[in-house]
Amino acid sequence: MADIEDTHFETGDSGASVTYPMQCSALRKNGFVMLKSRPCKIVEMSTSKTGKHGHAKVHLVGIDIFNSKKYEDICPSTHNMDVPFVKREDYQLTDISDDGYLCLMADNGDLREDLKVPDGELGAQLRADFEAGKELLVSFTC
């Protein structure tokens, strides 16, 4: 009798990486990098000179693109760091539904109606500007 394998597929993975390596010295301000395992936009960057004990060091300060927390790291300029694949999409706001969802149109004409108006000051400003007849673009970073 053949052995029966018990295979579990609890998660799916396409095998595609969410990051790619880049030499630390090639990173630039306003670029993206993984700091403390978080995707961050680089807001400050400085390089120290080569010392007697090794390579020049790069000091990075970044802001998490999802929660706006500040992260810092120092690495040798010749080492690789992970850079996240960051995709930015722009949509034109065409309507705000009665139940609080945004109606957004992409450049190719596709509609997206699955996002709620944000809570707080941002949502209030969005509603006020839309009602005032302003043409609004909404950008997503993912």
Filter the stretch 13-51 down to residues that are more than 19 Å from F85 (Cα to Cα) and either modelled with pLDDT of 90 or more or not assigned by TED's automatic domain parsing to the domain that holds I63 (or both), then give me how many there are. 4
Show the residue pairs that are 6+ apart or on different chains and have beta-carbon atoms under 6 Å apart, the first residue being within the stretch 65-80 and polar (S, T, N, Q), the second being in a strand (DSSP E or B). S77/V58; N80/P21; N80/Q23
Can you find a residue in the stretch 108-125 that is modelled with pLDDT under 90, closer than 23 Å to R28 by Cβ and exposed (fewer than 15 other Cβ atoms within 10 Å of the Cβ)? no
If you check L93, L60, which single one turns out to be at pLDDT 95 or above and not hydroxyl-bearing (S, T, Y)? L60
Could you check T94 against (1) in the same structural domain as E113 (by TED's automatic domain parsing); (2) farther than 30 Å from A132 by Cβ and say which number it fails? (2)
Can you run down the residue pairs with Cβ atoms below 6 Å, 6 or more apart or on separate chains, where the first is in the stretch 113-142 and in contact (Cβ under 8 Å) with a residue 12 or more places away in the chain and the partner is among the basic types (K, R) and outside any strand (DSSP E or B)? C142/K87
Extreme residue, modelled with the lowest pLDDT, among residues of the stretch 63-83 that are under 21 Å from the mean Cα position of the chain (by Cα) and among the hydroxyl-bearing types (S, T, Y): S68
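The values are calculated or read from the model by the stated rules, or taken from the named source; none is laboratory data. Fair warning: this is a prediction, and the values are worked out from it, not measured in the lab. In this analysis, Cβ positions are derived from the backbone assuming ideal geometry, glycine residues included, and neighbour counts consider all displayed protein chains.
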